[in-house]
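Notes for the one structure printed next.
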Amino acid sequence: MSQNESIALSLDKREVLGKSVKHLRKQGLVPAVIHDHGKDSHIVMGDYNQIYKAYLSAGKHHPIDISVGKSKYTALIKVVEFDPKHNTLSHIVFNAVDANQTVDAEVPVHISGDSPAVKKGLLVIHMLDHVEVEAVPSMIPDELTVDGAKLVEIGDKLTVADIVVPSGVVVTTEPEHTIAVVEETKAQLSEESEEAEEAAETAAAETKSETKE
């Protein structure tokens with residue numbers, strides 16, 4: 001989705017609270033809350049399919065234009081809860097944001113290009129799939145990228161400091177955090193282990209032979 005593409009979501013005020021919200025879920029509705037700049041929170045609900053679609057499109061980084069009756073809000077998704085039994089969205093929390101003020105958001109990190117390490121048959125372990133950023137809502141990118149060409153040999157790694165950061169965006173995750181690291185595959189480790197065992201057995205046999213002599 002383009003950074004400038006808008007996502008609209010229509011919600012309704014909610015009177016049902018506590019354990020009674022389970023009846024809303026049976027009706028295909030999702031209970032939600034909008035936190036509004038230190039003001040009283042807005043207790044709302046919406047159609048499951050519409051909310052889930054907005055979540056898939058926006059993640060926790062893309063602003064959503066929310067309407068509740070005649071009230072309008074620009075918000076980011078802050079918390080998403082899922083029913084562990086059915087893996088369905090059960091509750092969602094939005095944070096209303098000011099279009100002119102910087103906000104915190106989670107942005108996915110994508111490794112771009114081909115990794116030489118993978119071509120060599122090595123294993124690239126992904127350690128971090130998103131970072132925290134600070135920017136005005138309209139400047140929050142849909143993703144950040146880091147160059148996979150830097151992953152060549154065992155032990156090579158990419159850190160937050162390697163991310164290409166666009167103007168107007170500040171990454172607040174610590175720069176030394178590892179995004180991905182190159183390791184040997186299990187097969188390679190097993191082969192090395194076998195070779196080490198064979199070398200040890202050979203050395204032991206040679207030592208035993210020398211002792212007899």
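The values are calculated or read from the model by the stated rules, or taken from the named source; none is laboratory data. Everything numeric here is computed off the predicted structure, so don't read it as measured data. Positions of Cβ are generated from backbone atoms using ideal geometry, with glycine treated the same way; all protein chains shown enter the neighbour counts.
Okay, residues lined up against (1) among the aliphatic types (A, V, I, L, M); (2) farther than 18 Å from ALA99 by Cα; (3) surrounded by 18 or more Cβ atoms within 10 Å (Cβ to Cβ):
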{"site": "ARG25", "(1), (2), (3)": "no, yes, yes"}
{"site": "HIS37", "(1), (2), (3)": "no, no, no"}
{"site": "TYR52", "(1), (2), (3)": "no, yes, no"}
{"site": "SER57", "(1), (2), (3)": "no, yes, no"}
{"site": "ILE66", "(1), (2), (3)": "yes, no, yes"}
{"site": "LYS72", "(1), (2), (3)": "no, no, no"}
Check your understanding: In the set VAL170, VAL80, VAL68, which member is assigned by TED's automatic domain parsing to the domain that holds VAL21 and within 19 Å of the chain's Cα centre (by Cα)?
Key -> VAL80
Check your understanding: Within the set of pairs 6+ apart or on separate chains, which have a first residue in region 173-184 that is free of Cβ contacts under 8 Å to residues at least 40 places away in the same chain, a second that is in a strand (DSSP E or B), and C-beta atoms under 6 Å apart?
Key -> GLU176/THR159
Practice item. Mind checking which strands (runs of 3 or more DSSP E) fall wholly inside region 94-167 and carry at least 3 residues that are surrounded by 13 or more Cβ atoms within 10 Å (Cβ to Cβ) and in contact with a Pro (Cβ under 9 Å, 6 or more places away or on another chain)? Key: 103-112, 130-135
